[in-house]
Amino acid sequence: MSKNQNLSPLFNLFWENTNLNDKNILGFVDGFVNEEKNIEQIKYPTKDLELDYPKDKLYKIMKNRQSNRQYNNYQINKKQLSSLFSCFAQVDNHRLLSSAGGKYPIEVYALCFNVNKFNNKIVYYNYEDNSLSIVGSCSNWDDIKSITGAGDVITGEPSIMFIFVGFPNRVVSKYGERGGRFLLIESGHYIQNLLLRVSYEKMRAVELGGLFDNDIKNILGLENSDAIITLGVICGK
Ligand SMILES: Cc1cc2nc3c(=O)[nH]c(=O)nc-3n(C[C@H](O)[C@H](O)[C@H](O)COP(=O)(O)O)c2cc1C
């Protein structure tokens, strides 16, 4: 977890320029006011093949995925917790996720708000043996939500907040600046795996793109590392 060795100065600069905190969050949100609602659709003159939707279970799970912002303080149990974390596992020496050059720059942490026997614990997921390590303590959701950029739109308490932490040096040491791109893409893989599991479990989730980077990094105890906070996902019922 070495400090950034500046192997990718432009990615680092981009990262700094997209940092959110309590000072610049209002400017970020202000930008939403002039939001263009209509997404320009690409349209070619001919449609040459009408496709069918699959009728299988995987398709149903994908179809039922949606963002939810209302939670009811539901306590998740070990079975559900195991199901959610299984998205990031290594089974038979093989990860359930692809990674550029097998560098796996993403690590998964979570803040437990309503998790049986783990309330107010911060956990790290050990993918090799599918276990959780308690790495610290956290406050309740109500005290944390102000640094998630989503405090106003979420009602009730989620059970858990996953945090996808990137370690750029692992990947930029091989790919240079383009490694930063790969890291962000890979974070999306982890999140999509999780969202589909949430859908399968008939639970609720939403991605949180407005996390205050440094505050979250400090909570995780990663302030002296090159870790970057890519995104959060809250889950519950
Ligand atoms: C990168 C990313 C960041 C997001 N950040 C937030 C967020 O901070 N707060 C929020 O309420 N929703 C957030 N969302 C959820 C989107 O608003 C949501 O996916 C979109 O409106 C489509 O709705 P659906 O997920 O229900 O299909 C985020 C989604 C993505 C992909």
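The values are calculated or read from the model by the stated rules, or taken from the named source; none is laboratory data. Model, not experiment: these values are computed from the prediction. All Cβ positions, glycine included, derive from the backbone under ideal geometry; neighbour counts span all protein chains shown. Please note that ligands, DNA and RNA were not included when accessible areas were found on the heavy atoms of the full protein model with its side chains. Shrake-Rupley method; radii C 1.70, N 1.55, O 1.52, S 1.80 Å.
What to note about this one:
- Sequence-distant residues sharing a close amide H with residue 206 (under 5 Å, placed H): 68, 234
- Residue-normalised accessible area of the stretch 1-85, given per residue in Å² at a 1.4 Å probe: 92
- The helix-only estimate of mean residue ellipticity at 222 nm for the chain, built from DSSP H runs of length n ≥ 4 each weighted as -39500 (n - 2.57), is -8500 deg cm²/dmol after division by the residue total.
- Kyte-Doolittle mean at least -1.0, axial Cα span of 27 Å or more - DSSP H helices of the chain: 177-200
- Taken per residue, the accessible surface of the stretch 153-237 reaches 35 Å², heavy atoms only and a 1.4 Å probe.
- Relative packing of peptides 97-104, 193-200, 29-36 - highest average C-beta neighbours within 10 Å first: 193-200, 97-104, 29-36
- Euclidean distance between Cα centres, the stretch 223-237 to the stretch 153-185, Å: 7
- When the chain is treated as a GNM with alpha-carbon contacts under 10 Å, the residue of 202, 174, 23 showing the greatest mean-square fluctuation is 23.
- Residue-wise HN-Hα coupling along the stretch 214-226, computed from phi with Karplus coefficients 6.51, -1.76, 1.60 (Hz; x: Gly, Pro): 6, 5, 5, 4, 5, 4, 7, x, 10, 4, 9, 10, 8
- Heavy-atom surface analysis with a 1.4 Å probe gives the chain a carbon and sulfur content of 49 percent of its accessible area.
- The dipole here belongs to the chain: it is taken about the Cα centre, uses +1 on the Cβ of Lys and Arg and -1 on the Cβ of Asp and Glu, and is about 780 debye.
- The amide H of residue 113, built 1.01 Å from its N in the peptide plane, has 120, 160, 161 as neighbours under 5 Å, considering only residues 5 or more places off or on other chains.
- The HN-Hα couplings worked out from phi for the stretch 47-52 by the Karplus form 6.51 cos²θ - 1.76 cosθ + 1.60 (θ = phi - 60°) are 10, 9, 7, 7, 9, 9 Hz, whole numbers, x standing for Gly and Pro.
- Extending 7 Å from Cα along the Cβ direction at residue 119 and again at residue 61 yields two label points whose distance is 3.1 nm.
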